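I have placed the structure first, in the form of structure tokens, so that the comments after it can refer back to it.
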Amino acid sequence: MGKTVVNNPFREDLVSRNLAEACSVVIFGATGDLTHRKLIPALYNLAIDGELPAGVKILGFARRDWSDKFFCEGLKKLNRQVSRTGHDEEIWKSLAANIEYHKSEFQDKDGYKRLSDRLDEIDRERGGKGNRLFYIASAPEYFDDILLNLKAAGLSQQRLDCDGCWSRVIVEKPFGTTLETAQHLNEVVNGTFEEKDTYRIDHYLGKETAQNIMVLRFANAIFEPMWNKEYIDHIQITCAEHLGMEGGRGGYYDEAGALRDMVQNHLLQLLSLVAMEPPTDLTADGVRDEKVKVIRSLRQWDTPELVAENVVRGQYIAGNINGKEVPGYRDEDRVKPDSETEAYVALRCMVDTWRWSGVPFYVRVGKRLPKKGTEISVHFKETPSVLFNAMPGGVPTGNVLVIRIQPDEGISLMMNSKLPGTTLRMEPVKMDFHYASSFGKSSPEAYERLLLDAMAGDATLFARRDEVEEAWRFIDKIHKAWANSSEELPISKFAAGSWGPREADELLAKDGRNWRRL
Amino acid sequence: MTQLNSSAYLGIPVEVGAIDGELKKLWEADEASTNASLMNFLVYTEDPSRLQKNSQTIQELTRENACRAVLIAMNRHAADVKVESWITAHCHLAHGKKSICSEQVSFLLHGRSLGRLRNTVFAHLNSDLPLVFWWQGEFSELFEERLYRLLDRLIFDSSDWADPKAGFRRLLMARSDTKGRMVTQDLSWTRSYFYRLAVARLFDDPMADKAFPEIEGVRVMAQSKHRIAALLLLAWIITRSGWSIQSQESDRVILESREGGEVIVELIWIDGGAPISGLEISAPNFKARVSREAGNPHLCQSICAENHSIDFSGPADFDDSAGLVASQLSRGGKNSLFLNVLPQFVKLLEGGD
């Protein structure tokens, strides 16, 4: 990973990663759920672990007429509920002393002028270092306004009177809704901040197991020689959610759908980590150069026929999960009764590279599936049809390496073993590694790592402009095919609590494969 | 595993030759628990009265570090040579459902018998798993090459040593014998982890950064029992700052900074209080301070510079050995920073008489 130049001699060696620098963190959309449930608890947990640099100031920017005190009280209440390390009042007080609220409309230029003055004042108090980290966590319709107003107020450029200072922006998802809107947003972002100062967040990349994919592949000699078409039959990526549209999510979700909400970002990022070539180094661009090549190599499903053959979309109808009756998608809160939005999608992706030629990557994501779980399973080819595989029934199963992203993060490997006894009977057995029980410390939340990386100037775990646009190019073509021929490409129905529509099973069955049971 | 759980300390007495068989029987009798082990964790003491306490410590440690625990206490002054042994398991619910157990074998070795410690250790390890060896007390002559060359990680607490100079000489020799393969972890060093993190955090501040070349004084306040922890902390500051020791007289050290300035260090020993109760780094118009009251789980950190001051709290290190060992295990790594600091530390230790 690239090193940030810092003068502090005491920081070197104490932690083996880039060094986070003190800064003012301005959160746009500070009254929202993300700030309360994720961002502030993440900063609090960094403080608990002693990793938050001294002098970090947090400024919540939002429209509501709140005071500093009211804002902090609300944050404290949520932190007590959701912080992974519990709530330590002493540490909280220390953090809260550096949290303030800035009331302004996102379109109000004067609000940004006042923000600029306030940040200058903080910098003066702090002793002159003017690092700023702007976190855009507002609703996406305000992204343009915020960025343009930051630029107009002169906040997007580093302070001229401060050598080595920086000004960075973190942009939350959704990063566009189509290729066109993503390109527009990229134009606005890059017209405001330089690409090196732009951090497009995809919190899946901050998860411990997602980071571990590269370690698993490139720090172990046993996997990489087999990580190709010669040994791997196919790969499955599953993101299952048992919840539906609770908590008012229906409004946003019904506009986005599973393909845009999950596949364009999270699942294609996971796919690229699994399929990428070894990077030449661990710098942000070294890693992202290889990831974007994977997305660029995805075979494009750009006709209704190809989409029909390789993509299945679905909607759940009423069913039950864990013995509880749940409504169908069209009966969910804030969902249109005649909605054509997919709450489930399964894709057969082909990565047209030398390494992966002919190896399908099956990707599925859906709401109201039987259980929650995100995992990548690597299915190895079967042994030759001699010896044990030539016996009646053959070997019970091929080897499967499973990388569990959430929950119960870990890795398992299925292999075949002889059952004890005088006859030769084989059964699959599982070697299992669980993060929770293997290491004597809990994994940090994804936002902890990502916030610290942004303060350190390390963009490895953030999406680059070309990654985002290439992913949208792939997704857009599928959407266009759906939009242009809804007759031929109907939405498949499945009962809530089942593992998706029959058509998704058939997608694999026609290749002689099955979805892995989670 | 009902029988095991009911045994609070060492568990069931067994014959040494029957240990493996008895352990097997226990697991066969229990289908509800999972026997987990990620390392061999060996605790050795030459104070037999610590055996039961060590078992309690393992009970705590296994909450987050599943292991095959081997506890050995040596009663070297006993006239007769004999061995007593026990087996037990420490079980904890994982995620409120699955009972994960770590098995423990305890030995009380009486009398003197050549090579017995080494042989007892090697006979009861899970193969392939790393061997973490917690040596309690001074390194005796039993700490010998044929034992330590097979250790992956050696944990010790130099604050327990009556003769730290001899202890560290022994340690450096062992490091040299093992060609640096054995990771060494001194709990006295672990005791200053959050102090070091706090200092690093304070010097992120631009005012501290500006004041750094002008530092003229360092004061470390600690319990005299934790002199080694204080010296290791000081050695870290000297090493990281690139300063050199000019002279040392008792608890006053004169250093020269990279800029050629003089830095005066005072070591102040306090009865009671936290192991390390305070650290002050001062320059003209600047003071950075980290302090801790006895038993307080937080460190107070502050900077005062001209018209700029900040105060905040951060986490503090554990006081008890079990907590320190647990935090060491959770951090893992090669502990290379400790090794980098050792040359300056040894100078301070040798020069402090």
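Ranking of B:Met173, A:Met262, A:Met391 by solvent-accessible surface, largest first: B:Met173, A:Met391, A:Met262 (1.4 Å probe, protein heavy atoms only, all chains present).
How much accessible area per residue does the protein assembly as shown have, counting only protein heavy atoms and a probe of 1.4 Å, in square angstrom?
On the way: 36530 Å² over 871 residues.
About 42 Å² of surface per residue is accessible.
As a length-normalised measure over Cα pairs under 8 Å and 6 or more apart, the relative contact order of the stretch B:12-186 settles at 22 percent. Among the residues of B:194-203, the average count of other protein chain beta-carbon atoms within 10 Å of the residue beta-carbon is 6.
For the pairing of chain B with chain A, what total accessible surface becomes buried, with a 1.4 angstrom probe, in square angstrom to the nearest 100? Summing both sides, the interface buries roughly 2900 Å². In this structure, the amide hydrogen of A:Ile99, modeled 1.01 Å from its nitrogen in the peptide plane, lies closer than 5 angstrom to those of A:Ile58, counting only residues at least 5 positions away or on a different chain. For chain B, the square roots a ≥ b ≥ c of the C-alpha gyration tensor eigenvalues yield an a/c of 1.5 or more together with a/b exceeding b/c, which makes the shape prolate. For the stretch B:153-265, the residue among B:Ala211, B:Ala222, B:Leu172 whose Cα projects farthest onto the positive side of the dipole built from Cβ charges is B:Leu172.
Can you sort B:Phe122, A:Phe223, A:Phe70, A:Phe10 by 1.4 Å-probe accessible area, starting with the largest?
Values: B:Phe122 70, A:Phe223 30, A:Phe70 120, A:Phe10 0 Å².
Correct descending sequence by accessible area is A:Phe70, B:Phe122, A:Phe223, A:Phe10.
State whether the stretch B:118-268 is rounded, prolate or oblate according to the following rule on the C-alpha gyration tensor (a ≥ b ≥ c being the square roots of its eigenvalues): a/c under 1.5 gives rounded; otherwise a/b larger than b/c gives prolate, and the remaining case gives oblate. Since a/c reaches 1.5 and a/b is larger than b/c, the shape of the stretch B:118-268 is classed as prolate. The residue among A:Ser385, A:Val402, A:Ile237 whose Cα reaches farthest toward the positive pole of the charge dipole of chain A, with charges on the beta-carbon of Lys, Arg, Asp and Glu, is A:Ser385. In this simple spin-label approximation, B:Lys287 and A:Asn190 carry label points 7 Å from Cα along the Cα→Cβ vector, and these lie 5.3 nm apart. Compute the Cα gyration tensor for the protein assembly as shown, then decide on rounded, prolate or oblate, letting a ≥ b ≥ c be the square roots of its eigenvalues: rounded whenever a/c is under 1.5, prolate when a/b is larger than b/c in the other cases, and oblate in all that remain. Oblate. Among A:Thr303, B:Tyr9, A:Asn228, which residue has its Cα positioned farthest towards the positive end of the charge dipole of the protein assembly as shown, with +1 placed on the Cβ of Lys and Arg, -1 on the Cβ of Asp and Glu, and the dipole taken about the Cα centre? Comparing the listed Cα positions along the dipole, B:Tyr9 ranks first. Counting only protein heavy atoms and a probe of 1.4 Å, the accessible surface of chain A is 52% carbon and sulfur.
Model label sites at B:Glu145 and B:Ala79, defined 7 Å from Cα along the beta-carbon direction, differ in position by 3.7 nm.
Averaged over the residues of peptide A:55-68, the number of Cβ atoms from other protein chains lying within 10 Å of each residue's Cβ is 1. Taken about its Cα centre, the protein assembly as shown carries a charge dipole of about 1460 debye when Lys and Arg each add +1 at the Cβ and Asp and Glu each add -1 at the Cβ. Give me the residues in the stretch A:92-117 whose solvent-accessible area, probe 1.4 Å, is reduced by at least 20 Å² once all protein chains are included instead of the chain isolated. Output list: A:Ser94. How large a share of the accessible area of the stretch B:197-353, in percent, is made up of carbon and sulfur atoms when the probe is 1.4 Å and the other protein chains stay in place? The nonpolar share, carbon plus sulfur, comes to 46 percent. Inter-chain neighbour count for B:205-214: the average number of beta-carbon atoms from partner chains within 10 Å of each residue's beta-carbon is 5. For A:His234, the residues whose amide H sits under 5 Å from its own are A:His379, ignoring neighbours fewer than 5 places away on the same chain, with H placed 1.01 Å from N.
Our coupling estimate for the stretch A:511-518, obtained by passing each phi through the Karplus curve with A = 6.51, B = -1.76, C = 1.60 and θ = phi - 60°, is 9, x, 10, 10, 5, 6, 7, 7 Hz, Gly and Pro reported as x.
Rounded to the nearest Hz, the phi-derived 3J(HN,Hα) couplings of the stretch A:313-319 under the Karplus curve 6.51 cos²θ - 1.76 cosθ + 1.60 (θ = phi - 60°) are 10, x, 9, 7, 9, 4, x, where x marks glycine and proline.
Whole-Hz Karplus values for the stretch A:474-480 come out as 5, 5, 4, 5, 5, 4, 5 Hz, taken residue by residue from phi with 6.51 cos²θ - 1.76 cosθ + 1.60 and θ = phi - 60°; glycine and proline positions read x. Compute, for chain A, the length of the dipole vector about the Cα centre, with Cβ point charges of +1 (Lys, Arg) and -1 (Asp, Glu) only. Units Debye, rounded to 20. For this selection, approximately 1060 debye.
Annotation: amide H of B:Val14 within the under-5 Å range of B:Ser85, B:Trp86, B:Ile87, sequence separation 5 or more or interchain, hydrogens built in the peptide plane.
The values are calculated or read from the model by the stated rules, or taken from the named source; none is laboratory data. In this text the structure is predicted, and so the values were computed from the model without any measurement. Neighbour counts run over all protein chains shown; Cβ positions are idealised from the backbone, glycine included. Just so you know, the surface numbers come from the protein's heavy atoms only, side chains and all, with ligands and any DNA or RNA stripped out. Shrake-Rupley method; radii C 1.70, N 1.55, O 1.52, S 1.80 Å.
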